[in-house]
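The values are calculated or read from the model by the stated rules, or taken from the named source; none is laboratory data. Treat the numbers as computed from the prediction; the structure is a model and nothing was measured. Please note: Cβ atoms are built from the backbone with ideal geometry, for glycine as well, and neighbour counts cover all protein chains shown. To get the accessible areas, we keep the full protein, side chains included, count just its heavy atoms, and leave off ligands, DNA and RNA. Shrake-Rupley method; radii C 1.70, N 1.55, O 1.52, S 1.80 Å.
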Amino acid sequence: MSEEPTLADRQSASLADLLSILELRELGVATIHISGIDGEDTEVMGTDGADIFEGRSQKMPHNRVYGGQVLSQSLMAASLTVRDEHPDRLPHSLHAYFMRAGDDTLPIRFAVERMRDGRSFSTRRVHAIQHGRPILSLTASFQDPAGGLDHHDVMPEVAAPEELASIAEIFGGMDHPRAQHLAARPVEHRYVEGDIAMQITGDHVAAQHIWIRAVNEVGEDPFLRAAVLAYMSDYTLLESVLRRHGRVWVDPSLRVASLDHSMWFHRPADPAQWLLYAQESPSAQGGRGLGIGRVFTRDGALAATITQEGMIRIKEG
């Protein structure tokens, strides 16, 4: 009889799966047609001469593609059209709109438009497509290394990650599907103020701090590191909205979906090392909530700034 895999084994397998889905298959250059409007409308948008890639989807408990997956794969697809000619031209920003829920039983195709290659910047637009329809549209910009003015915010003073319990430690022993899914993530999370998966133990404020890192090394490729950081950035950013209003993820009346996601890469960061994700929400209204996050390296450098707005609705009755 074979032994059950340990939690550490499951976490390692989860990270290996993440790195695997970022190994996109190149399908060549083609003209694609994307259904622009739902229903009976047959309007079609053409994308001429797009670089086409394909990536596998990770299985999720709700059978919908995790937003961080399609975000990171789209960034990787864009990177694959830049890195050969400009190996030092790294991503400095991305702006994405989530348009439809993805199906985790199907692969995703990524059509990359080479919008511009300048002397120091490159711009790409990516359509992530399933069933002939876009599920995400992303624009990314890449820049060669450059000097100039330099300053950044100071990292908040919070408890060190070694002083905090990890999500894996908290939920690993629970016989609950959501708890086991949280525990086996490829990214370790240590909440300074306590997590909001099933209960809120701290104050109902629109801010929180989380130490995050990949459970194992991800390598030194800067394009891959940026994609992994994008993947990590989507997990918890709307939680500052939920915490403010005393809502937890297991609340059956809660309906949450990401609408858009922007990210600015300021300084290099290794996602396998501890990073502090400082999050806040300046506003929630009209069934939408805004989250703003800043990612700091352990030595206090501001590595990235992220914003995300999500649909947040409470089902009555």
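Stretching the chain fully between ASP203 and SER20 yields a gain of 62.0 nm (0.36 nm per residue, less the alpha carbon separation). Toward the positive end of the charge dipole of the chain, with +1 on the Cβ of Lys and Arg and -1 on the Cβ of Asp and Glu, the farthest Cα among HIS189, SER240, ALA160 is that of SER240. Label separation (ARG64 vs GLU220): 4.1 nm, computed from points 7 Å beyond Cα along the C-beta direction.
Ellipsoid semi-axes for segment 142-209, based on the Cα gyration tensor and the rule √(5λ), read 32, 18, 11 Å when sorted largest first.
Dimensions of the chain based on its C-alpha atoms, expressed as ranges along the principal axes with the largest first, amount to 54, 53, 52 Å. Placing a label point 7 Å from the Cα of ARG267 along the Cα-to-Cβ direction, the residues of segment 277-307 with a backbone N closer than 13 Å are 295-305. Springs between alpha-carbon atoms under 10 Å, Gaussian network over the chain: tell me which of MET76, MET115, MET155 tops the mean-square fluctuations. Between MET76, MET115, MET155, it is MET115 that shows the largest mean-square fluctuation. Extension gain for the segment ALA257 to ALA146, taken as residue separation times 0.36 nm less the Cα-Cα distance, is 36.3 nm to one decimal.
About its Cα centre, how strong a charge dipole does the chain have in debye, to the nearest 20, once Lys and Arg get +1 and Asp and Glu get -1 at the Cβ?
The dipole magnitude comes to about 620 debye.
Of the residues VAL126, SER72, LEU19, the one whose Cα sits farthest toward the positive end of the charge dipole of the chain, with +1 on the Cβ of Lys and Arg and -1 on the Cβ of Asp and Glu, is VAL126. Ranked from largest to smallest solvent-accessible area, with a 1.4 Å probe on the protein heavy atoms, ASP103, ASP117 come out as ASP117, ASP103. GNM remark for the chain: springs join alpha carbons under 10 Å apart, and the peak mean-square fluctuation among PRO271, PRO145, PRO87 falls on PRO145.
For segment 187-317, what is the accessible area per residue in Å² when the probe is 1.4 Å?
Value returned for segment 187-317: 40 Å² of accessible area per residue.
Its relative contact order, with pairs defined as Cα atoms under 8 Å and 6+ residues apart, puts segment 197-317 at 32 percent.
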